[in-house]
Amino acid sequence: MVLGILGIVAVVLACYSHNNHSSEITPPTIKLYLHESNQIIKLEIEEYVCGVVAAEMPASFALEALKAQALCARTYACKKIMEDRQYPLNADLSDDITCCQAYVSWPQFEDLHPAQYEELKAKIELAVSSTRGELIVYKDKPIDALYHSTCGGQTESAADVWGTDIPYLQSVECKYCSASNYYETRQVISYQDLNDISGLVTGSNPHIEISEKSLSGRAREIKVNDQEISASQFRQLFNLPSTYWEFKNEKDDLIINSRGYGHGVGMCQYGANGMALDGKSYKEIISHYYKDTEIYKLNYQDN
Ligand SMILES: [Zn+2]
(Lines give C-alpha, C1' and ligand atoms only; values in the text may rest on other atoms or scores of the structure.)
Protein backbone atom coordinates (compact mmCIF):
# COMPACT_ATOMS: atom_id res chain seq x y z
CA MET A 1 0.00 0.00 0.00
CA VAL A 2 1.30 3.45 -0.88
CA LEU A 3 0.73 5.85 1.95
CA GLY A 4 0.94 9.45 0.76
CA ILE A 5 2.20 11.37 3.74
CA LEU A 6 4.30 8.45 4.89
CA GLY A 7 6.11 8.62 1.58
CA ILE A 8 6.94 12.16 2.64
CA VAL A 9 8.06 10.92 6.06
CA ALA A 10 10.35 8.46 4.32
CA VAL A 11 11.72 11.17 2.04
CA VAL A 12 12.25 13.56 4.95
CA LEU A 13 14.01 10.85 6.91
CA ALA A 14 15.98 9.83 3.84
CA CYS A 15 17.48 13.32 3.79
CA TYR A 16 19.00 12.44 7.12
CA SER A 17 20.11 8.99 6.02
CA HIS A 18 23.14 7.99 4.02
CA ASN A 19 21.22 6.34 1.20
CA ASN A 20 18.44 8.24 -0.48
CA HIS A 21 18.53 6.45 -3.83
CA SER A 22 16.19 3.58 -3.10
CA SER A 23 12.84 3.23 -1.38
CA GLU A 24 14.70 1.60 1.46
CA ILE A 25 16.27 4.03 3.86
CA THR A 26 19.02 3.62 6.34
CA PRO A 27 17.84 4.68 9.78
CA PRO A 28 18.49 8.42 9.77
CA THR A 29 21.14 10.10 11.86
CA ILE A 30 19.88 13.03 13.86
CA LYS A 31 21.51 15.92 15.65
CA LEU A 32 20.33 16.00 19.24
CA TYR A 33 20.76 19.11 21.38
CA LEU A 34 21.73 18.33 24.99
CA HIS A 35 20.36 21.27 26.91
CA GLU A 36 22.36 20.83 30.13
CA SER A 37 25.76 20.72 28.46
CA ASN A 38 24.72 23.02 25.57
CA GLN A 39 26.16 20.73 22.91
CA ILE A 40 25.06 18.54 20.02
CA ILE A 41 25.55 14.83 19.51
CA LYS A 42 24.88 12.89 16.33
CA LEU A 43 23.24 9.52 16.61
CA GLU A 44 21.11 7.10 14.64
CA ILE A 45 17.41 7.53 15.33
CA GLU A 46 17.00 3.98 16.66
CA GLU A 47 19.81 4.65 19.11
CA TYR A 48 18.07 7.87 20.10
CA VAL A 49 14.82 5.94 20.69
CA CYS A 50 16.70 3.63 23.10
CA GLY A 51 17.87 6.67 25.07
CA VAL A 52 14.35 8.10 25.20
CA VAL A 53 12.81 4.82 26.37
CA ALA A 54 15.54 4.60 29.02
CA ALA A 55 14.79 8.14 30.20
CA GLU A 56 11.02 8.22 29.92
CA MET A 57 9.86 4.83 31.28
CA PRO A 58 11.08 2.69 34.19
CA ALA A 59 13.15 -0.08 32.60
CA SER A 60 11.66 -2.49 35.14
CA PHE A 61 8.38 -2.29 33.19
CA ALA A 62 7.22 -5.29 31.13
CA LEU A 63 8.68 -5.72 27.64
CA GLU A 64 5.42 -5.01 25.80
CA ALA A 65 5.07 -1.70 27.66
CA LEU A 66 8.65 -0.78 26.70
CA LYS A 67 7.84 -1.64 23.07
CA ALA A 68 4.77 0.65 23.20
CA GLN A 69 7.02 3.37 24.65
CA ALA A 70 9.51 2.81 21.80
CA LEU A 71 6.75 3.47 19.25
CA CYS A 72 5.67 6.60 21.11
CA ALA A 73 9.27 7.86 21.30
CA ARG A 74 9.97 7.20 17.60
CA THR A 75 6.64 8.62 16.42
CA TYR A 76 6.95 11.73 18.59
CA ALA A 77 10.47 12.30 17.24
CA CYS A 78 9.47 11.82 13.58
CA LYS A 79 6.59 14.23 13.97
CA LYS A 80 8.91 16.83 15.52
CA ILE A 81 11.49 16.36 12.75
CA MET A 82 8.80 16.80 10.10
CA GLU A 83 7.61 19.99 11.76
CA ASP A 84 11.11 21.30 11.08
CA ARG A 85 11.30 23.33 14.27
CA GLN A 86 14.36 25.25 15.27
CA TYR A 87 16.36 24.00 18.21
CA PRO A 88 19.57 25.48 19.59
CA LEU A 89 22.76 24.94 17.54
CA ASN A 90 20.65 23.97 14.54
CA ALA A 91 19.74 20.61 16.06
CA ASP A 92 16.93 18.35 14.79
CA LEU A 93 15.67 17.56 18.30
CA SER A 94 16.37 18.55 21.89
CA ASP A 95 16.49 16.57 25.12
CA ASP A 96 14.73 19.40 26.97
CA ILE A 97 11.38 18.05 28.21
CA THR A 98 9.76 21.46 27.94
CA CYS A 99 9.75 20.97 24.14
CA CYS A 100 10.78 17.39 23.42
CA GLN A 101 11.44 14.05 25.11
CA ALA A 102 14.01 13.27 27.78
CA TYR A 103 17.08 11.29 26.70
CA VAL A 104 19.85 9.49 28.59
CA SER A 105 23.05 8.07 27.16
CA TRP A 106 24.07 4.53 28.16
CA PRO A 107 26.84 5.78 30.51
CA GLN A 108 24.26 7.97 32.28
CA PHE A 109 21.86 5.03 32.44
CA GLU A 110 24.61 2.85 33.95
CA ASP A 111 25.14 5.45 36.69
CA LEU A 112 21.43 5.25 37.47
CA HIS A 113 21.26 1.44 37.43
CA PRO A 114 24.74 0.14 38.28
CA ALA A 115 23.63 -3.30 39.50
CA GLN A 116 21.23 -4.18 36.68
CA TYR A 117 22.76 -2.18 33.87
CA GLU A 118 23.46 -4.98 31.36
CA GLU A 119 20.11 -6.68 31.92
CA LEU A 120 18.02 -3.49 31.63
CA LYS A 121 20.01 -2.19 28.66
CA ALA A 122 19.42 -5.48 26.82
CA LYS A 123 15.70 -5.28 27.58
CA ILE A 124 15.40 -1.74 26.23
CA GLU A 125 17.44 -2.63 23.14
CA LEU A 126 15.14 -5.59 22.52
CA ALA A 127 12.03 -3.41 22.87
CA VAL A 128 13.46 -0.97 20.31
CA SER A 129 14.98 -3.46 17.84
CA SER A 130 11.87 -5.67 17.75
CA THR A 131 9.74 -2.65 16.78
CA ARG A 132 12.43 -1.14 14.52
CA GLY A 133 11.06 1.62 12.27
CA GLU A 134 7.48 1.29 13.53
CA LEU A 135 5.42 4.46 13.81
CA ILE A 136 1.92 5.13 15.11
CA VAL A 137 -0.14 6.76 12.34
CA TYR A 138 -3.61 8.23 12.00
CA LYS A 139 -4.88 8.78 8.46
CA ASP A 140 -1.37 8.09 7.17
CA LYS A 141 0.32 10.71 9.32
CA PRO A 142 2.53 10.16 12.38
CA ILE A 143 0.47 11.04 15.42
CA ASP A 144 1.27 13.40 18.24
CA ALA A 145 2.22 10.50 20.52
CA LEU A 146 1.68 12.14 23.88
CA TYR A 147 2.04 10.10 27.03
CA HIS A 148 2.10 10.60 30.79
CA SER A 149 2.97 8.67 33.93
CA THR A 150 -0.37 7.75 35.47
CA CYS A 151 -3.90 8.70 34.47
CA GLY A 152 -5.65 7.64 37.69
CA GLY A 153 -8.42 5.65 35.99
CA GLN A 154 -9.45 7.74 32.98
CA THR A 155 -7.24 9.48 30.44
CA GLU A 156 -7.99 13.04 29.35
CA SER A 157 -8.86 14.26 25.85
CA ALA A 158 -6.59 16.73 24.09
CA ALA A 159 -9.65 18.96 23.62
CA ASP A 160 -10.11 19.26 27.37
CA VAL A 161 -6.47 20.18 28.02
CA TRP A 162 -5.55 22.29 25.01
CA GLY A 163 -8.90 23.13 23.44
CA THR A 164 -8.14 21.32 20.17
CA ASP A 165 -10.00 18.13 19.36
CA ILE A 166 -7.62 15.44 18.14
CA PRO A 167 -9.52 12.32 17.02
CA TYR A 168 -6.98 9.83 18.39
CA LEU A 169 -6.44 11.66 21.71
CA GLN A 170 -9.79 11.05 23.37
CA SER A 171 -10.54 10.21 26.98
CA VAL A 172 -10.48 6.43 27.55
CA GLU A 173 -11.01 4.32 30.61
CA CYS A 174 -7.84 2.84 32.13
CA LYS A 175 -8.15 0.00 34.59
CA TYR A 176 -4.46 -0.74 34.65
CA CYS A 177 -2.52 1.97 36.50
CA SER A 178 -3.47 1.32 40.12
CA ALA A 179 0.04 -0.04 40.87
CA SER A 180 1.44 3.47 40.45
CA ASN A 181 2.34 5.37 43.63
CA TYR A 182 0.56 8.29 42.04
CA TYR A 183 -2.71 6.49 41.39
CA GLU A 184 -4.16 8.29 44.41
CA THR A 185 -2.27 10.79 46.56
CA ARG A 186 -3.23 13.29 49.22
CA GLN A 187 -2.03 16.86 49.58
CA VAL A 188 -2.69 19.34 52.34
CA ILE A 189 -2.54 23.08 51.69
CA SER A 190 -3.09 25.41 54.59
CA TYR A 191 -5.41 28.32 53.90
CA GLN A 192 -2.59 30.61 54.93
CA ASP A 193 -0.27 29.13 52.27
CA LEU A 194 -3.05 29.18 49.73
CA ASN A 195 -3.53 32.87 50.42
CA ASP A 196 0.20 33.68 50.41
CA ILE A 197 1.15 31.66 47.33
CA SER A 198 -1.82 32.27 45.06
CA GLY A 199 -2.73 35.77 46.21
CA LEU A 200 -6.37 34.65 46.46
CA VAL A 201 -7.99 35.93 49.63
CA THR A 202 -9.06 32.98 51.74
CA GLY A 203 -10.44 34.89 54.76
CA SER A 204 -11.29 33.25 58.08
CA ASN A 205 -13.71 30.59 56.88
CA PRO A 206 -13.03 29.99 53.19
CA HIS A 207 -15.01 27.89 50.79
CA ILE A 208 -12.92 26.30 48.07
CA GLU A 209 -14.50 24.18 45.38
CA ILE A 210 -14.03 22.78 41.91
CA SER A 211 -16.46 24.91 39.93
CA GLU A 212 -15.95 23.29 36.52
CA LYS A 213 -14.86 19.81 35.44
CA SER A 214 -13.97 18.18 32.13
CA LEU A 215 -15.83 15.08 30.89
CA SER A 216 -13.14 12.82 32.35
CA GLY A 217 -13.71 14.39 35.78
CA ARG A 218 -10.61 16.59 35.93
CA ALA A 219 -10.89 20.09 37.33
CA ARG A 220 -10.96 23.03 34.95
CA GLU A 221 -11.82 25.92 37.25
CA ILE A 222 -11.44 26.41 40.99
CA LYS A 223 -13.41 28.83 43.09
CA VAL A 224 -11.91 30.28 46.27
CA ASN A 225 -14.83 32.08 47.88
CA ASP A 226 -15.92 34.15 44.85
CA GLN A 227 -12.51 34.26 43.12
CA GLU A 228 -11.74 32.00 40.18
CA ILE A 229 -8.46 30.38 39.12
CA SER A 230 -7.84 27.84 36.38
CA ALA A 231 -7.05 24.32 37.52
CA SER A 232 -3.82 24.22 35.49
CA GLN A 233 -2.59 27.41 37.14
CA PHE A 234 -3.55 26.06 40.57
CA ARG A 235 -1.73 22.80 39.82
CA GLN A 236 1.40 24.70 38.84
CA LEU A 237 1.36 27.02 41.87
CA PHE A 238 1.10 24.16 44.35
CA ASN A 239 3.09 21.61 42.39
CA LEU A 240 0.21 19.12 42.36
CA PRO A 241 0.56 15.83 40.49
CA SER A 242 -2.48 16.33 38.21
CA THR A 243 -5.79 18.21 37.97
CA TYR A 244 -7.84 15.10 38.77
CA TRP A 245 -9.01 16.18 42.24
CA GLU A 246 -11.48 15.94 45.05
CA PHE A 247 -11.45 18.79 47.55
CA LYS A 248 -12.35 18.77 51.20
CA ASN A 249 -12.47 21.98 53.23
CA GLU A 250 -11.22 21.49 56.76
CA LYS A 251 -10.77 23.97 59.57
CA ASP A 252 -7.33 25.29 58.62
CA ASP A 253 -6.50 23.35 55.49
CA LEU A 254 -7.69 22.36 52.07
CA ILE A 255 -7.35 18.59 51.65
CA ILE A 256 -6.83 17.44 48.07
CA ASN A 257 -7.14 13.88 46.87
CA SER A 258 -5.34 13.74 43.54
CA ARG A 259 -5.53 10.94 41.01
CA GLY A 260 -2.74 10.26 38.56
CA TYR A 261 0.38 12.17 37.58
CA GLY A 262 0.73 14.31 34.48
CA HIS A 263 -1.63 15.88 31.94
CA GLY A 264 -3.45 12.60 31.42
CA VAL A 265 -3.46 12.79 27.59
CA GLY A 266 -2.49 9.81 25.40
CA MET A 267 -0.79 6.70 26.71
CA CYS A 268 -0.81 6.12 30.46
CA GLN A 269 2.62 4.57 31.09
CA TYR A 270 1.67 2.73 34.28
CA GLY A 271 -1.48 1.62 32.48
CA ALA A 272 0.66 0.35 29.60
CA ASN A 273 2.64 -1.71 32.10
CA GLY A 274 -0.57 -2.98 33.71
CA MET A 275 -1.90 -4.03 30.30
CA ALA A 276 1.40 -5.76 29.46
CA LEU A 277 1.33 -7.65 32.78
CA ASP A 278 -2.24 -8.64 31.92
CA GLY A 279 -0.94 -10.32 28.74
CA LYS A 280 -1.72 -7.56 26.23
CA SER A 281 0.64 -6.85 23.33
CA TYR A 282 2.19 -3.49 22.55
CA LYS A 283 -0.19 -3.20 19.59
CA GLU A 284 -3.18 -3.64 21.91
CA ILE A 285 -1.70 -1.05 24.28
CA ILE A 286 -1.24 1.47 21.45
CA SER A 287 -4.75 0.95 20.07
CA HIS A 288 -6.29 1.29 23.53
CA TYR A 289 -4.76 4.70 24.27
CA TYR A 290 -4.62 6.10 20.72
CA LYS A 291 -8.04 5.54 19.16
CA ASP A 292 -8.32 4.38 15.54
CA THR A 293 -4.60 4.49 14.86
CA GLU A 294 -2.48 2.06 12.86
CA ILE A 295 1.12 0.99 12.95
CA TYR A 296 3.31 1.72 9.94
CA LYS A 297 6.80 0.33 9.49
CA LEU A 298 9.42 2.52 7.85
CA ASN A 299 11.21 0.66 5.10
CA TYR A 300 14.64 0.47 6.69
CA GLN A 301 17.43 -1.52 5.14
CA ASP A 302 18.41 -4.54 7.17
CA ASN A 303 21.07 -4.11 9.78
ZN1 LIG B 1 -4.05 4.85 33.66
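Details
- Extension gain for the segment Leu63 to Asn90, taken as residue separation times 0.36 nm less the Cα-Cα distance, is 6.3 nm to one decimal.
- Seen from Phe234, the other residues with C-beta closer than 13 Å to its C-beta sum to a net charge of -1, counting Lys and Arg as +1 and Asp and Glu as -1.
- Stokes-Einstein D (µm²/s) once Rh is taken as the Kirkwood radius of the chain over alpha-carbon pairs, at 4 °C in 1.567 mPa s: 62 µm²/s
- Dividing the summed -39500 (n - 2.57) terms of all DSSP H runs of n ≥ 4 by the residue count of the chain sets its mean residue ellipticity at 222 nm at -10000 deg cm²/dmol.
- Nonlocal amide H pairs with Tyr183, under 5 Å, H built at 1.01 Å: Gly260
- Spin-label proximity, Gln192 to region 251-268 - amide N less than 17 Å from point 7 Å beyond Cα toward beta carbon: 251-255
- In sequence order, calculated HN-Hα J values of region 136-151 (Karplus, 6.51, -1.76, 1.60; Hz; x Gly/Pro): 8, 10, 10, 6, 6, 10, x, 7, 7, 7, 6, 8, 8, 5, 9, 8
- Relative intensity, log₁₀ I(q)/I(0), of region 184-259 from a Debye sum that treats every alpha carbon as a point, q = 0.21 Å⁻¹: -0.88
- DSSP-assigned coil residues among trypsin sites (Lys or Arg not before Pro) in region 207-264, each with at most 14 further Cβ atoms within 10 Å: Lys251
- Computed from the Cβ-Cβ distance with R0 of 35 Å, the FRET efficiency linking Phe238 to Thr29 stands at 0.25.
- Charge dipole of the chain (Cα centre as origin; +1 on each Lys and Arg Cβ, -1 on each Asp and Glu Cβ, all else neutral): 460 debye, rounded to the nearest 20.
- Cα-projected label distance for Asn225 with Glu83, points at 7 Å along beta-carbon direction, nm: 4.1 nm
- Within region 207-227, backbone nitrogen closer than 18 Å to the virtual label 7 Å beyond the Cα of Asp252 toward Cβ: 207
- For Tyr300, distant residues with modelled amide H under 5 Å away: Ile25
- Cα-only Debye scattering, region 58-175: base-10 log of I(q)/I(0) at q = 0.09, 0.23 Å⁻¹: -0.30, -1.45
- Near Val265, the amide H atoms lying under 5 Å from its own belong to Glu156; only residues 5 or more places off or on other chains count, and H is placed 1.01 Å from N.
- Rounded to 5, percent antiparallel among DSSP beta bridges of region 215-303: 100 percent
- Charging the Cβ of each Asp and Glu at -1 and of each Lys and Arg at +1, and nothing else, the dipole of region 184-259 about its Cα centre rounds to 320 debye.
- Region 63-113 shape via C-alpha gyration tensor axes, a/c threshold 1.5: oblate
- Length-normalised contact order for the chain - Cα pairs under 8 Å, 6+ apart - percent: 22 percent
- Surrounding net charge for Asn38, when Lys and Arg each add one and Asp and Glu each subtract one, Cβ distance under 15 Å: -2
- Among the listed pairs Lys139/Lys175; Lys213/Lys297; Lys213/Lys280; Lys67/Lys213; Lys123/Lys291, those beyond 30 Å (Cα-Cα): Lys213/Lys297; Lys213/Lys280; Lys67/Lys213
- Within the accessible area of the chain (1.4 Å probe), percent carbon and sulfur: 46 percent
- Under the membrane-span-like helix rule (DSSP H runs whose alpha carbons stretch at least 20 Å along the helix axis, mean Kyte-Doolittle hydropathy -1.0 or higher), the chain yields 63-83.
The values are calculated or read from the model by the stated rules, or taken from the named source; none is laboratory data. Everything quoted here is computed from the prediction, not taken from an experiment. Every residue, glycine among them, receives a Cβ derived from its backbone with ideal geometry; neighbour counts consider all protein chains shown. Just the protein is used for accessible areas: all its heavy atoms, side chains included, with ligands, DNA and RNA removed. Shrake-Rupley method; radii C 1.70, N 1.55, O 1.52, S 1.80 Å.
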